[in-house]
Amino acid sequence: MDANQWLIAAAGFLIGLVLAGGASFWWFSRQLKAAAERVDKVEKARQFAGQQVTQARKQVEALQKELGDLKHAAKTVLRPAVRAAEAPPAAVPEVLDPFLPLAPVAPPPPASADGFADTLVLKPKKT
C-alpha cells in the first residue's frame, strides 16, 4: 500500500467517525429533549396537584368551621327544649278508687335529640 491509499483510508475513517458522532449527537439530543419535556410535564402536574391540595384543605377548614358554628347554634337552640324534656313532670295528685283495679299505663315515648319521637317502620300486613 502506498501513502495515497493510507490517506484515503484515514480520511474515510475520520469522515465515518464524524458522521457516527453527528448521528449519535442527534439521537441523544432528541432523547434528552423528550426527557426534559416529560420532567416539565410532571413538574406542572405536581404544581397543579399542590394547588388542588391547598384548595381542598381550605375547603375542609371552612367546612369544619361551619360545622362547629352549626353545632354551637344547635346547642343553644336545643337547650330549652332539652331542659323542658329533662324536667320532671309536675306532680299530679293521684286519687285512687279503692274498688277499681289499677290500669297499666304505657310509658311516654322517649324524646330523641331533635325533640321528636323516633320513627318506627311498620311491617305490611299479610292477607
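Evaluation of V121 against the conditions (1) surrounded by 10 or more Cβ atoms within 10 Å (Cβ to Cβ); (2) at pLDDT 65 or above shows that the sole unmet condition is (1). Within the stretch 34-42, one or more residues are surrounded by 10 or more Cβ atoms within 10 Å (Cβ to Cβ), at pLDDT 95 or above and acidic (D, E).
The values are calculated or read from the model by the stated rules, or taken from the named source; none is laboratory data. Since the structure is predicted, the reported quantities are computational estimates derived from the model, not experimental observations. Ideal geometry is used to build each Cβ from the backbone, glycine not excepted, and the neighbour counts take in all protein chains shown.
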